[in-house]
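Visitor: Let me begin by handing over the structure; questions about it come next.
The values are calculated or read from the model by the stated rules, or taken from the named source; none is laboratory data. Note that the structure is a prediction, hence the values are computed from the model and not measured. We place every Cβ from the backbone using ideal geometry, glycine too, and count neighbours over all the protein chains shown.
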Amino acid sequence: MEQEASQEDTRIGIDQLLASQSASVKLSDIFPKSLATPIETVATRMNLKPECYALALITGISRFLKNGSSTMLVEEWNRYRCRTLGYFGVMIAEASQMKTPVLNAMIADPLAAMRENNQKKFEAQKKAYEVEFEQWKNSKDEDKGPAPDAPVEKFAYITKATWEGIAGMVSRAPTQGILWLCDELAGFFNSANQYRSGKGSDKEDLLEAWSGNGAVIARAAGTTVNVGALSLSIYGNIQPKVLAPFLGDGSDDNGTFARFDFVQQPRTLTQITLGLSKIDINPMLQALYENIDAIPLMEFELDEEAKKLFVEYYNHCQLLKFNHPKQGMRAMLGKAAEKVGRVATILHCIHAAHLGGEVSPQIPASRVRAAIKWVEYTTQQALSINIEVCSPNALESNLAKIISLAERNGGKVTARDVIRVFDSKYRPTSQTVREWFADLEAMKYGEVTEKGRSICFSLQKTSAFTAFAGNPDGASILNAEDKCGDSAFTAFSTQKYEITEINAEETRRKRGG
């Protein structure tokens, strides 16, 4: 009975992993259709997941919502609100898997003109200031007043910084958000306190910026920075093997990784096809960024229907957090609701800015519903990463890998096929693969056949896995909502824990306990 209960838990783990790998979000469900469609076209031509592009855009846009803007989520519950609208996004993919082109297409290229205009404007202001300051300095008028203020340069984004440098930028331009682009995110984790011989709290301070509580920095000479709000957004790329040492065993005691939303891009084949119609999303995105930048500092709030939906989702996440066995996922679920508040606000502004409407301080339920879809998706991605990266030798991870490999191979896979896809560090023996095949057969995922010294595993056509089958190229993935029904959030249902409890009760009953 213990073996049967363990087998059922393994099967649930496999199904959850396969579901998380195959989940997707239609961009038209979160963005205006006229914005989503061309982005999806670009993603299809590159054979990349559209969600990678969406992640970069959401992160980039978040920087241009004015620092100090906030969103009231539930006022009667201790004034629960998003104090900042900054957002942390990470694309995970192997080296040379088109991570940088996504960053360029959605952030760097659309902001190029803004960067150039900001620089030219600053140079003109600087020259005018120098003339004005010189006149002020040489004036003999006793009532000439204070010295003119020096101009402050606006930056679309930064690529390297220290915590004190970021806080200083906000101090000089209080309404300016900060976007930190890390084409290699490992540099962000490794660079903390690099100018202090490893001493200091840069990493912790940067993570605290996620909460948006501002910064007060005191030195021996006095207070150098005093800002009431600080909006920091981070977008980065990283490889799975590079991420692994930072994740460790998946524990996230200080909530570092819970603050980030992840999208994992599987290995895909990207090829150039001549003769296709030209598509250029840059002007559209450039206009979107400029329109978002024109939105003044605002205080948003959820309308009544949106608030009810948010509260339901918050309570749902807290239940899952309480029951989840993995500490890293508990931390992720604990921050999921606030992420929904932030993403709903960002999407609300994107819709208004793209369609040319006025930005209302009231956020409707449709934006919260879209944000829930997005955060559910990124949380599923986190679950997949937690299993695959943190526990690469876990049984459910290995069995799920066999199922996915069999699907790509037309429904069948040999022991030799399985052995070849594993890295040398985790490469199994033929006997181990034989045992895995037997486990899959016992769980009714397929059947095992032997011919001479060759052993083969074939998926059953009626296997539960067919609900999770993904495109072998990774360009089109089944929407988890199709499987989960009409609920606004079902990707992380409590099914696993309900089944586990039923199994335990069944075991006690059979034993007469």
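Visitor: So is MET329 of a type in the set (A, V, I, L, M, F, W, C), buried (at least 16 other Cβ atoms within 10 Å of the Cβ) and within 17 Å of the chain's Cα centre (by Cα) or not? Give the derivation first.
Guide: Numbers: of a type in the set (A, V, I, L, M, F, W, C): yes; buried (at least 16 other Cβ atoms within 10 Å of the Cβ): yes; within 17 Å of the chain's Cα centre (by Cα): yes.
Taking the combined requirement at face value, the residue satisfies it.
Visitor: Among the residues of region 43-54, what is the count of those that are surrounded by fewer than 19 Cβ atoms within 10 Å (Cβ to Cβ) and either of a type outside the set (Ser, Thr, Tyr) or free of Cβ contacts under 8 Å to residues at least 40 places away in the same chain (or both)? Spell out the reasoning first.
Guide: Within region 43-54, the subset surrounded by fewer than 19 Cβ atoms within 10 Å (Cβ to Cβ) is 44-45, 47.
The next check asks that each one be either of a type outside the set (Ser, Thr, Tyr) or free of Cβ contacts under 8 Å to residues at least 40 places away in the same chain (or both); those that pass are 45, 47.
Result for region 43-54: 2.
Visitor: Another one. Which of the following residues is touching a residue at least 40 places away in the same chain (Cβ under 8 Å), closer than 19 Å to PHE260 by Cα and either part of a loop (DSSP other than H, G, I, E, B) or not charged (D, E, K, R) (or both): LEU73, LEU57?
Guide: LEU57
Visitor: Does region 384-391 contain at least one residue that is buried (at least 19 other Cβ atoms within 10 Å of the Cβ), at pLDDT 85 or above and within 17 Å of ILE14 (Cβ to Cβ)?
Guide: Checked against the condition, which is being buried (at least 19 other Cβ atoms within 10 Å of the Cβ), at pLDDT 85 or above and within 17 Å of ILE14 (Cβ to Cβ), region 384-391 yields no hits at all.
Visitor: Follow-up. With respect to ALA105, determine if the residue is of a type in the set (Gly, Ala, Ser), assigned to a loop (DSSP other than H, G, I, E, B), farther than 24 Å from ASP205 by Cβ and touching a Phe, Trp or Tyr at 6+ places or on another chain (Cβ under 8 Å).
Guide: On the way: of a type in the set (Gly, Ala, Ser): yes; assigned to a loop (DSSP other than H, G, I, E, B): no; farther than 24 Å from ASP205 by Cβ: yes; touching a Phe, Trp or Tyr at 6+ places or on another chain (Cβ under 8 Å): yes.
Criteria not met by ALA105.
Visitor: Restricting attention to region 431-455, and to residues there that are at pLDDT 90 or above and farther than 20 Å from ILE14 by Cα, which single residue is surrounded by the fewest Cβ atoms within 10 Å (Cβ to Cβ)?
Guide: Checked region 431-455; the qualifying residue surrounded by the fewest Cβ atoms within 10 Å (Cβ to Cβ) is GLN431.
Visitor: Go over the candidates GLN125, GLN97 one by one and state the one that is surrounded by 11 or more Cβ atoms within 10 Å (Cβ to Cβ) and at pLDDT 90 or above. Break it down into steps so the answer makes sense when it comes.
Guide: On the way: GLN97 fails: at pLDDT 90 or above.
Sole residue among the options that is surrounded by 11 or more Cβ atoms within 10 Å (Cβ to Cβ) and at pLDDT 90 or above: GLN125.
Visitor: Same structure again: Restricting to region 289-307, and then to whatever is of a type in the set (D, E, K, R) and touching a residue at least 40 places away in the same chain (Cβ under 8 Å), can you tell me which residue is nearest to GLY356 (Cα to Cα)?
Guide: Here is the first cut: in region 289-307, the residues of a type in the set (D, E, K, R) are 290, 293, 299, 301, 303-305, 307.
Among the residues that remain, those that are also touching a residue at least 40 places away in the same chain (Cβ under 8 Å) are: 290, 293, 299, 301, 303, 305, 307.
Working: GLU290: 12, ASP293: 13, GLU299: 20, GLU301: 21, ASP303: 21, GLU305: 24, LYS307: 26 Å.
Filtering first and then ranking leaves GLU290.
Visitor: Separate question: Taking helices (runs of 4 or more DSSP H) that do not extend beyond region 236-351, which have at least 1 residues that are at pLDDT 95 or above and over 23 Å from ARG81 (Cα atoms)?
Guide: Details: elements: 240-247, 282-293, 304-323.
The helices (runs of 4 or more DSSP H) meeting that bar are 282-293.
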